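Report on one structure; see the data block that follows.
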Amino acid sequence: MAKVENMTNNGGYIIDVKTTAKTITMKIVGTFTPDQAEQFHLDYRKQISIISTIDFVLEVDCREMKAINQEMIPKLMRSYELYKESNYKKIVFVVNDNEAIQEQLNQVAQSIILPNYQIIRV
C-alpha cells in the first residue's frame, strides 16, 4: 500500500500501512491547520479502508508534534475516535520528554475511552 504524506512548513503527517507487518505507522510533525486535520481524517480513512485493522498495531510517532491549541482539540478527539472505531489490536503513541504533549495525548485518550493504547517515552 502506498504511503501518504502531507507536510507544510508548520507541520503535517505521514501514514504508512505495512500489511505484511500488520502495522500502520504514522508520524505527526509540528501543528495542523483545521484543513490539514480534515485532510488527515480523509487520508486515514482511505488508507485503512481495504484492511482489517483488528489484527493491526497502530504506531503514532509524536516526537516532533507540538502542543495542540484549544481550537484543535476537537480535531484530535476526532482522530482518536477514528482510531477507536478501527478496533486496533494495540495503539502505541511514541513521545519524547515533552510532558505537555504526553498529558494532552493521555487526556484525550481517556476522555473518549480509547482501548488498548499505550504511551511510550523514548
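A few remarks follow.
- Considering only beta bridges that DSSP places wholly inside the chain, some 45 percent are antiparallel.
- Probe 1.4 Å, protein heavy atoms only - accessible area per residue of the chain in square angstrom: 54 Å²
- Whole-percent carbon and sulfur share, accessible surface of the chain, 1.4 Å: 49 percent
- Relative contact order of the chain, defined on C-alpha pairs under 8 angstrom at six or more residues apart (%): 22 percent
- Dividing the Cα radius of gyration of the chain by 2.2 N^0.38 Å, with N the residue count, gives 0.97.
- For the chain, calculated [θ]222 nm from helices alone, where every DSSP H run of n ≥ 4 adds -39500 (n - 2.57): -11000 deg cm²/dmol
The values are calculated or read from the model by the stated rules, or taken from the named source; none is laboratory data. Everything quoted here is computed from the prediction, not taken from an experiment. Only protein heavy atoms, including side chains, enter the accessible area calculation; ligands, DNA and RNA are left aside. Shrake-Rupley method; radii C 1.70, N 1.55, O 1.52, S 1.80 Å.
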